[in-house]
Each structure stands twice: as structure tokens, then as C-alpha cells.
Amino acid sequence: MDYEKQIDRITEFIKTGEKSAEDFKIGVEFEHIVVWKKDLLSVNYYEENGIEIILKKLLDKNQKYKPQYEGEHLVGLSEPDGSISLEPGGQFEYSVRPCSTLAEIENLYRNFLDDIIPILEEQGQYLMGIGYHPKTKIVDLPFNPKIRYHYMSEHLIATGKYAHNMMKGTASLQVVIDYSDEEDFIKKFTVGNFLSPLLYLISDNAPIFEGEIHEENSIRSKIWDNMDNIRCGIVPGVLEKKFGYDDYAKYILDVPPILIMRDGEAIGTGDKKVRELMDPLTITDKEVDHILSMVFPDVRIRTYIELRMGDSLPYPLNMAYIALLKGIFYNNIALDYLYDMARTFDQEELEYSKTNMRKNGFEGRFKFRTVKDLALILFDLAKRGLDEKEREYLKPLEELIIKGQSAANLSKEYIKEKGIESLSWYALNQYGR
């Protein structure tokens, strides 16, 4: 294979994502965990009134949805404003189409809640905005029937002790942003990686891990650090130089893709790396996109930038987190300030900050500042990138940070005082209109 042509083919694909600043939008993936009201045990794909039945009832309820099947199994729905898909353990994901305003995202998300909440109410279930299953353990959750997850589970179980916890246990809030050119890409990608420890903590919303209170902060970051080092975490080299399209392409080429898609069929690739498999002259854009989707760093690139550090959050905290990222990444003053700060760090210092954050939370150190001080700076910077109406979205999350708290910290206090049942506050059922 011609290595330089492979690099060019991937960078050519990334370059197709460039947009003018006036066309920048925000995309969001809202993941949820569905549980039984009676005991907070998680609902799996196959059981009576399980995840597949919920999908079928949504399909029957509203003609706007188009089904997506894996063999005979219904595994997703699509409609003009977004799509519903399943994570490996049956986590329920709603992805909204890219939007220009926060109000537009909020409206589409509330429409999704309006569709699904009556079905869950009828079945005695909660839709939870929470980062990890509140009671059910990983061993008791079957994988959904998507063949992609079969290959991933077989490969990843040998690469890190928390691989299946990541796949079946976590639920996230992922935000997608645009870039205008390679220079803009470099700044946003660098800043995204630099902010990784803070965003893990700000969004921390997983008080329980495998049935027990998790006493440290951000189990999500710990899971990803014990999953598969070559495809997860902070992308190597991102703080050492101006990290551009070619650098990301080289990172991709040196990672095993686990599986490739060819003529619509999944083919396992074992330990072979992308550079051993990719023919730059025949590979399609769809196949390139699939390969880019098979790495899981904190910040991932396709034809957009995915910020993947967030835990699933209940409404309106989820909208506050989205507003924070919009205000930072679509604000050149904030972006330049944080990029200059990032260039004073190296990879080792950033990894130390992440470990320190897990242990000490908002009292931890981020080089010369406390984590709390820098987190509050982020909110101040974000306000400069949002209009007056959109700044209002920040308030519920900012109020938590001012107190040095995360949603997970609050929940741990509730659990100790009132028991596991107190986690019902994560339920989104109350927001169905």
C-alpha cells in the first residue's frame, strides 16, 4: 500500500468537512439508560417490553420514523430531524440533526421525549439521563444483536479490563462541532484534548459503578483509560506540535480497525492495522468514515469534531453542557485564549491533570490553577460566545460548579441519605409534554 496516498485519502475526506463560519452548527448525541421504575434495574434489548419493543412501539406510533434492521431485529429508527440508535448494552441514543441554535436542539430533544415518554410510562419504565447503570451489572446485560458489537466485544475484551463496561455500561452526551479550515481544525482539536479532564469532571454524572457508589470522580474517564490505549484517551502528540489533518491520518493508519465494511458486510480484521488494509484508490467515503468511527479518543474526527467526554445528563443540565461547548468553540476569543494555554502543557502534564481530577475533583490542580478556577473561567469565556438568550442555558450547570459540585457528587449524597431510589431524579419522564 502507498502510505503517502493513504494519508492523502484520509485528509481529503476530513477536508470535505470544512464549512464557512456562518454555516457552523452543533450536533448532539443524547444517550440514555432505560430502567424499570419498580427497582431501577436496567431494561435489556430482548426481554418482555424491552428495548426492541420500545422501538417497535415508536415505529407504530409515528409515521415519521423509518426502521433500521439487523437481520430480523429492529435496531434503530430515523426521521428528518434525527435518529434513534442503540449502544451495545441497549443504551438508547437520540441524535439530533445539526442545528444553528440551542433552542432548536432543545425543541427537537423535547419532541423526542414527547414520543417516547408515554410508551415508557405505560410500561412502568424511566428514561434516565445518567452516565452508568444505576443497579444492573455488566455481566447481566446482553449485547444487542448488531454484528459490529460482536466483533468489537471480542477484540476489545483483550485490550483493557473495562472494555465491556465502556460498551454496555456507559451513557454519554456527545457534542459535534464544525471547523472552517485546517488552522481552525488545529485550534479546536488541540483545545478539545486540552479540556478533556475538565469536561469529564464538569459533566460527571455516574455516581454508581457496578452496583456500588464510586467514591472518586468521573468513572467515565477511568473506564476509557482502561479500555484500549491505542484507540482511546488523548491522541498522542496533539500538544507537542501543530496537529493537523495529516497527523490525524497517521494516527488512524496505525490503529487496527477491528472490522471493515465491504459491500454492506462487516469483515473482522484482527490485529491488522489500517495501513495494512486500506487501498487508497478504491476505498469509498463511506468506508473511510467507518474506519474513522472505529477509534474512540476523547476527541474524534470524521467530517466534524466529536467531543466525547460528557456523561449523559438530565434536562436541563444537558442543555447547559451543550451551551458551554458552543460558547467556547464558536468564540474566537475563547478559542485563542485556551489554545495559547494548551500550548504551555505537554502530554504528561495533561495526563497527570486527568488523574488528579479523578482523585481531588474541583480541588484538584490543573498546573497553576485549581480545577474549579479554570472551570469557572470556561463559563465566563462561553458567555462571550453566546447571545443573552443562550447564556441562560448555562445557569444550572454553572451554579453546580460554583459550589464545587457535579451531578454525581450530589447523587452520592442523596444515595447515602435516602437510598438508591433517590436516583429517580435522573428520570426524564417528567419532561414529556
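From (1) touching a Phe, Trp or Tyr at 6+ places or on another chain (Cβ under 7 Å); (2) at positive phi; (3) not basic (Lys, Arg), pick out the condition that doesn't hold for residue 211.
That leaves (1) as the condition not met.
Determine whether the stretch 420-433 contains at least one residue that is assigned to a strand (DSSP E or B), touching a Phe, Trp or Tyr at 6+ places or on another chain (Cβ under 6 Å) and either surrounded by 14 or more Cβ atoms within 10 Å (Cβ to Cβ) or not aromatic (Phe, Trp, Tyr) (or both).
Scanning the stretch 420-433, I find at least one residue that is assigned to a strand (DSSP E or B), touching a Phe, Trp or Tyr at 6+ places or on another chain (Cβ under 6 Å) and either surrounded by 14 or more Cβ atoms within 10 Å (Cβ to Cβ) or not aromatic (Phe, Trp, Tyr) (or both), so the answer is yes.
Quick test for you: out of 285, 289, 247, 271, pick the one residue that is among the acidic types (Asp, Glu), within 13 Å of residue 7 (Cα to Cα) and surrounded by fewer than 21 Cβ atoms within 10 Å (Cβ to Cβ).
Being among the acidic types (Asp, Glu), within 13 Å of residue 7 (Cα to Cα) and surrounded by fewer than 21 Cβ atoms within 10 Å (Cβ to Cβ) holds for just one of 285, 289, 247, 271, which is 247.
Tell me the residue from 157, 130, 147 that is of a type in the set (A, V, I, L, M), closer than 27 Å to residue 226 by Cβ, touching a helix residue (DSSP H, G or I) at 6+ places or on another chain (Cβ under 9 Å) and surrounded by fewer than 20 Cβ atoms within 10 Å (Cβ to Cβ), please.
None of the other options fit; the residue is 157.
If you go through the stretch 204-232 one residue at a time, how many are within 20 Å of residue 422 (Cβ to Cβ), in a loop (DSSP other than H, G, I, E, B) and out of contact with any Lys or Arg (no Cβ under 7 Å at 6 or more places or on another chain)?
4
Those residues that are of a type outside the set (A, V, I, L, M) and either surrounded by 15 or more Cβ atoms within 10 Å (Cβ to Cβ) or under 21 Å from the mean Cα position of the chain (by Cα) (or both), I need them from the stretch 226-244; list them, please.
Residues satisfying the conditions are 226, 228, 229, 231, 232, 233, 236, 243, 244.
Got a sec? Which of 336, 346, 340 is in contact with a Leu (Cβ under 7 Å, 6 or more places away or on another chain), over 19 Å from residue 402 (Cα atoms), of a type outside the set (Gly, Ala, Ser) and surrounded by fewer than 21 Cβ atoms within 10 Å (Cβ to Cβ)?
346
Taken together, the values in this text are just the output of simple stated rules run on the coordinates, not laboratory data. Just so it is clear, the structure is predicted and the values come from calculations on it, not from any experiment. So basically every Cβ, Gly included, is an ideal-geometry build from the backbone, and we count neighbours across all protein chains shown.
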